[in-house]
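The block underneath contains the structure these notes are about, expressed in structure tokens.
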Amino acid sequence: MTREQKYTTTTGILGHILAILSILTLFAACSEDESIVEPADPGLRMAVISDLHYYDPSLGMEGQEWQMGLFADPKLLTENADILSSLFTSVKTSDAEVVLVPGDLTKDGEKHNHEAMAAFLRSLESSGKKVFVVPGNHDVNNPVAKSFHGDPAVSIPGVTPSEFAQIYDEFGYGEATDRDPASLSYVAALQPDLWLIAIDGCVYTTGEETPPTYGSISEATASWVVSKLQEAKSQNIRVIAMMHHALVEHFTGQSTFPVTAEYVVSDWQQRASSFVQAGMKILFSGHFHANDVVSYAEGSNTLYDISTGSPLSAPCPWRLATLYKDGRLTLDTRTITNVSVPGGNFPRYATEYLTTGMTNLVAYMLVNDFGVPDELAGQIAPVVAAAYVANYAGDEEMDTASEQAVTMLNSLGDPTAALLAQLITSMRTDLPPADNALSITL
Ligand SMILES: [Ca+2]
Ligand SMILES: [Ca+2]
């Protein structure tokens, strides 16, 4: 072997050793990085669908009583089956792992419609979701559960509180780790370190002609909720709450205006105060059919009440909420768009339906319930209706027509007119945070 050959061979061996060393170093660096960087937290993905108000079209949609119902409560009941079918398809194909339904599963608590709703929810669970429900004011002991095959409408069976829990056994009641003896409230584990407290704030009276719209959390139920919040805190378990009625006012004076008071639970300040102090940070609600988020703070504790609108009221929304381990919660709003309607444009159809329906209803109420003269009622009803449409959609703002109407109403020197001016202003003044897309840290 010549000196030159020997040198080349040595360089070759050294080169190999160096190459192997650098590869080993690279591997070491990679494994070191993997041990430091934890996999990204995908968060718990939740779909929120509220105020579904299912009514099986085969129960009939004919007669004056049916039409009167649509007049008194202008939601898209006639189209409900197609709308809900579109909604369930979207939720099924979403990446949500959990589906929360904060009440009003049926039109008026009909047993037939509850059983059909349970079948829809079962199909969601078959697609891999976990569904949790809580009742709304329309769902239990409802005296107006009826079928509408022409006049008169005929009473059909409703459900008692225990029948409700039985029908929705797979959607919260059966999985509950604890149930409130005084109501249909329960606790279920969404993850080992995350509980859902489903609160039933509905009032089940019997013998009334119509079901109560207002809600109230009894002393017994409020104490039970607080004890569950304290238990969770002591075990370092995070909590999400849901309830049909709002726990916090969603616009200034909501609990004092005659037409909106029943959408926030009675004694809401007292209940919100005790829940926020016990550690509640987030509550999903429905009932008012509006997309809205408000916060309620006491000291360093803040609670967010996230209200989700109804698929049967424009803009026909549902939500996707993601909760991360670091306490971030992101909210994303979807709307139902692909429903076949006359004219072909479902979002426009839904908005026009709500605008027309609310205008007619508000005009009727102004004249008959508040003694407003016909001409003024005709002038103001479209402005109030537009305020509802804007409030339901969320992230609402004042517009010129509303400002002019408010100035005119305030110039009349009449208490009813002043109250209307206040209602329009409040419903068009969004309380922070944003309503449709946001990221908050709990
Ligand atoms: Ca807001
Ligand atoms: Ca709002």
Self-check item: Candidate set from segment 386-404 (those that are within 11 Å of ligand 2 (Cβ to nearest atom), part of a loop (DSSP other than H, G, I, E, B) and at negative phi); member that is nearest to the chain's Cα centre (by Cα)
Solution: Glu396
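Within the group Ser340, Ser310, which residue is in a loop (DSSP other than H, G, I, E, B), under 12 Å from the mean Cα position of the chain (by Cα) and either in contact (Cβ under 8 Å) with a residue 60 or more places away in the chain or within 16 Å of ligand 2 (Cβ to nearest atom) (or both)?
Going through Ser340, Ser310 in turn, just one is in a loop (DSSP other than H, G, I, E, B), under 12 Å from the mean Cα position of the chain (by Cα) and either in contact (Cβ under 8 Å) with a residue 60 or more places away in the chain or within 16 Å of ligand 2 (Cβ to nearest atom) (or both): Ser310.
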Practice problem: Identify the single condition in (1) more than 16 Å from ligand 1 (Cβ to nearest atom); (2) in a helix (DSSP H, G or I); (3) free of Cβ contacts under 8 Å to residues at least 40 places away in the same chain that Lys233 does not satisfy, given that it satisfies every other one. | Solution: (3)
Self-check item: Conditions (1) in contact (Cβ under 8 Å) with a residue 60 or more places away in the chain; (2) surrounded by fewer than 20 Cβ atoms within 10 Å (Cβ to Cβ); (3) under 30 Å from Val239 (Cα atoms); (4) not aromatic (Phe, Trp, Tyr); number of the one not met by Met365
Solution: (3)
Quiz item: Among the residues of segment 76-94 satisfying the criterion of being touching a Pro at 6+ places or on another chain (Cβ under 9 Å) and not polar (S, T, N, Q), which is nearest to Ile240 (Cα to Cα)?
Solution: Leu87
Quiz item: Restricted to segment 244-255, and to residues that are touching a helix residue (DSSP H, G or I) at 6+ places or on another chain (Cβ under 9 Å) and of a type outside the set (A, V, I, L, M), which residue is nearest to His287 (Cα to Cα)?
Solution: His245
Practice problem: Would you check if Leu366 is more than 16 Å from ligand 1 (Cβ to nearest atom), of a type outside the set (Gly, Ala, Ser) and under 21 Å from Phe71 (Cβ atoms)? | Solution: yes
Quiz prompt | Matching residues in segment 240-265 - criterion: being touching a strand residue (DSSP E or B) at 6+ places or on another chain (Cβ under 7 Å) and surrounded by fewer than 22 Cβ atoms within 10 Å (Cβ to Cβ) | solution = Ser255
Exercise. Pairs only if they're at least six apart or on different chains, beta carbon under 9 angstrom, first in segment 94-121 and of a type in the set (Phe, Trp, Tyr), second at pLDDT 95 or above and crowded, with 24+ Cβ neighbours inside 10 Å; list them, first residue then second.
Key: Phe120/Leu52
Quiz item: Asn301: crowded, with 18+ Cβ neighbours inside 10 Å and at pLDDT 95 or above, yes or no?
Solution: no
Exercise. Using the structure shown, decide if Leu331 is surrounded by 18 or more Cβ atoms within 10 Å (Cβ to Cβ), aliphatic (A, V, I, L, M), touching a residue at least 12 places away in the same chain (Cβ under 8 Å) and under 30 Å from Ala385 (Cα atoms).
Key: yes
Self-check item: Candidate set: segment 284-298, residues that are within 16 Å of ligand 2 (Cβ to nearest atom) and either assigned by TED's automatic domain parsing to the domain that holds Asp395 or of a type in the set (A, V, I, L, M) (or both); chosen: the one nearest to Met427 (Cα to Cα)
Solution: Ala290
Exercise. Working carefully through the options Ala220, Ala232, find the one that is surrounded by fewer than 14 Cβ atoms within 10 Å (Cβ to Cβ) and of a type in the set (A, V, I, L, M, F, W, C).
Key: Ala220
Quiz item: Are there any pairs, at least 6 apart or on different chains, whose C-beta atoms fall under 6 Å, with the first in segment 272-297 and polar (S, T, N, Q) and the second part of a helix (DSSP H, G or I) and more than 12 Å from ligand 2 (Cβ to nearest atom), and if so, which?
Solution: Ser274/Val226
Quiz item: Does Ser426 meet the test of being within 30 Å of Thr330 (Cα to Cα), within 16 Å of ligand 1 (Cβ to nearest atom), surrounded by fewer than 15 Cβ atoms within 10 Å (Cβ to Cβ) and within 29 Å of the chain's Cα centre (by Cα)?
Solution: no
Practice problem: Scan segment 364-374 and give yes if some residue there is in contact with an Asp or Glu (Cβ under 7 Å, 6 or more places away or on another chain) and more than 21 Å from Leu100 (Cβ to Cβ), otherwise no. | Solution: yes
Practice problem: With the checklist (1) more than 21 Å from the chain's Cα centre (by Cα); (2) in contact (Cβ under 8 Å) with a residue 12 or more places away in the chain; (3) more than 16 Å from ligand 1 (Cβ to nearest atom) in hand, flag the one item Leu354 doesn't pass. | Solution: (1)
Quiz item: Can you tell which of Thr416, Thr407, Thr429 is among the β-branched types (Val, Ile, Thr) and assigned to a loop (DSSP other than H, G, I, E, B)?
Solution: Thr429
Exercise. Please name all residue pairs, on different chains or six or more residues apart, with Cβ atoms under 6 Å, provided the first residue is in segment 386-414 and is under 13 Å from Asn291 (Cα atoms) and the second residue is away from ligand 1 (no atom under 16 Å from the Cβ).
Key: Tyr388/Met358; Val389/Leu354; Val389/Thr355; Tyr392/Ser313
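The values are calculated or read from the model by the stated rules, or taken from the named source; none is laboratory data. A quick note: this is a predicted structure, and the numbers were derived from the prediction, not measured. We place every Cβ from the backbone using ideal geometry, glycine too, and count neighbours over all the protein chains shown.
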